[in-house]
Amino acid sequence: MERGFVADTVEEYLAAVPPAQGKAIDAVRQVILSAVPGCTEHIGYGVPIFDYRKRGLVGLSVAEDYCSLHLMSPPLARELKPEITEGDLVGATLHFTPDEPLSESTVLLIVERRMAEVDAHS
């Protein structure tokens, strides 16, 4: 996961990133928060991590030229690769730019499948 913005909270992380990228990842963040029951957030590995049932569900980060949604599950990333038509899925990380942000439907697809994966292992 990318590092580079020192922060103790997700709000501090968002405040530290460039405005265009901050807006793009905050839009993804809002979809995650509204879709995940009991979702909590923390900084882990230097980036915002969203927890579901006390397990890391997905993460967000910003690099110099793009934003990332970390699926935190290589098997799920391989399974979803044919279905994801936005961004650039590299390993278990979906890169996207502020100019071409992720749609709500793509974020929901990832989050819902990750929640199902966590539920299956609980």
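Select from the stretch 34-55 the residues that are part of a loop (DSSP other than H, G, I, E, B) and in contact (Cβ under 8 Å) with a residue 60 or more places away in the chain and list them in ascending order.
To start, the set of residues in the stretch 34-55 that are part of a loop (DSSP other than H, G, I, E, B) comprises 36-39, 45-46, 53-54.
Those that are part of a loop (DSSP other than H, G, I, E, B) and in contact (Cβ under 8 Å) with a residue 60 or more places away in the chain: Val36, Arg53.
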Mind listing whichever residues of the stretch 91-113 are of a type in the set (Ser, Thr, Tyr), in a helix (DSSP H, G or I) and crowded, with 18+ Cβ neighbours inside 10 Å? Thr106
For the stretch 32-72, how many residues are in contact with a Pro (Cβ under 7 Å, 6 or more places away or on another chain) and aliphatic (A, V, I, L, M)? 1
Residues of the stretch 86-122 that turn out to be in contact with a strand residue (DSSP E or B) (Cβ under 7 Å, 6 or more places away or on another chain), touching a residue at least 60 places away in the same chain (Cβ under 8 Å) and of a type in the set (Asp, Glu), as a count: 0
Scan the stretch 76-85 and give yes if some residue there is touching a residue at least 24 places away in the same chain (Cβ under 8 Å), over 19 Å from Glu100 (Cβ atoms) and in contact with a Lys or Arg (Cβ under 7 Å, 6 or more places away or on another chain), otherwise no. yes
If I filter the stretch 76-88 for residues that are part of a strand (DSSP E or B), at pLDDT 95 or above and within 28 Å of Val6 (Cα to Cα), do I get at least one hit? yes
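In this structure, is Ala27 surrounded by 16 or more Cβ atoms within 10 Å (Cβ to Cβ), in a loop (DSSP other than H, G, I, E, B), of a type outside the set (Asp, Glu) and at negative phi?
Working: surrounded by 16 or more Cβ atoms within 10 Å (Cβ to Cβ): yes; in a loop (DSSP other than H, G, I, E, B): no; of a type outside the set (Asp, Glu): yes; at negative phi: yes.
So Ala27 does not fit the description; no.
So which of Gly44, Gly91 ends up being among the small types (Gly, Ala, Ser) and at pLDDT below 95? Walk me through how you get there before you give the answer.
Working: Gly91 fails: at pLDDT below 95.
Just one listed residue meets the conditions, Gly44.
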Looking at the stretch 94-122 only, could you name the residues that are of a type in the set (Ser, Thr, Tyr) and modelled with pLDDT of 95 or more? Thr97, Ser103, Ser105, Thr106
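Looking for whichever is touching a Phe, Trp or Tyr at 6+ places or on another chain (Cβ under 7 Å) and of a type outside the set (Val, Ile, Thr) here; the options are Ala27, Ala7. Which one fits? I'd like the intermediate steps shown before the answer.
Working: Ala27 fails: touching a Phe, Trp or Tyr at 6+ places or on another chain (Cβ under 7 Å).
Only one candidate qualifies: Ala7.
The values are calculated or read from the model by the stated rules, or taken from the named source; none is laboratory data. Keep in mind the model is a prediction, meaning the values are calculated, not measured. Heads up, the Cβs are rebuilt from the backbone with ideal geometry, glycines too, and the neighbour counts pull from every protein chain shown.
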